[in-house]
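Read-outs: derived from the displayed coordinates by stated rules, not from any lab. Quick caveat, the model's predicted, so the values are computed rather than measured. Note that each Cβ is placed from the backbone with ideal geometry, even for glycine, and that neighbours are counted across all protein chains shown.
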Amino acid sequence: MYFNEDNLRRAFRKPSGTLVDFIRHALGSLKLKSREEELTENFHAWLVTKSFTPEQAQYLSLIKNRGIVKGTVEMEDLFRPPLSVLNAAGLGIELFGESGLKEVINDLNESVFASGSV
């Protein structure tokens, strides 16, 4: 394997990383954030731009964790463990309405998780 930006981006899962970033990381002068750290920061930035109630924000934090694991959140995930154990579908519909929940999940995927994939 050759060391070039494309190979290093895949290895580090950093689609926007530069060769200089990877060298600085190897030398210890730059800490590259993990995918989870980046997605969590993206999520918090997205959440700040919205006007959710505290209950809605807490619910979305729970959903965010599923998105970090899978890379996306789908409506079907709400009906499967571990989210089904927490009645995530029922709670989400109660907080947002059915169409509102679909919209929020789509926006979450487009705004937060699409930017974190390689």
Item checked: Nearest-ten-degree value, helix 35-48 long axis tilted from longest Cα axis of the chain -> 50
Checklist line | Within-15-Å neighbourhood charge of residue 16 [Cβ basis; K, R +1; D, E -1] | finding: +1
Margin query: I'd like the FRET efficiency for residue 110 and residue 62, computed as 1/(1 + (r/R0)^6) with the beta carbon distance as r and R0 of 25 Å, rounded to 0.05.
Written below: 0.85
Note to self: Just to be sure I follow: if Rg is taken over the C-alpha atoms of the range 1-84 and Rh is the Kirkwood radius over the same atoms, what is Rg/Rh?
What the structure shows: 1.11
Notebook entry, point to check: Percent relative contact order of the chain, based on C-alpha pairs within less than 8 angstrom and at least six residues apart?
Noted result: 29
Next item on the list: Could you work out how far helix 98-108 tilts from the main Cα principal axis of the chain, as a 0 to 90 degree angle to the nearest 10?
Entry: 10
Item checked: 12 Å beta-carbon shell around residue 33, net charge (K/R +1, D/E -1) -> -1
Next item on the list: Give the shape of the range 35-116 as rounded, prolate or oblate, defined through the alpha-carbon gyration tensor: a ≥ b ≥ c are the square roots of its eigenvalues, a/c under 1.5 means rounded, and otherwise the shape is prolate if a/b is larger than b/c and oblate if not.
Entry: oblate
Check: Counting each DSSP H run of 4 or more residues in the chain as -39500 (n - 2.57), what helix-only mean residue ellipticity at 222 nm follows after dividing by all residues, to the nearest 500 deg cm²/dmol?
Finding: -17500 deg cm²/dmol
Note to self: At 0.36 nm per residue, and after removing the present C-alpha to C-alpha distance, how many nm does the segment from residue 23 to residue 75 gain when stretched out fully?
What the structure shows: 14.7 nm
Checklist line | Residue-count net charge about residue 80 - beta-carbon cut-off 10 Å; Lys, Arg +1, Asp, Glu -1 | finding: -2
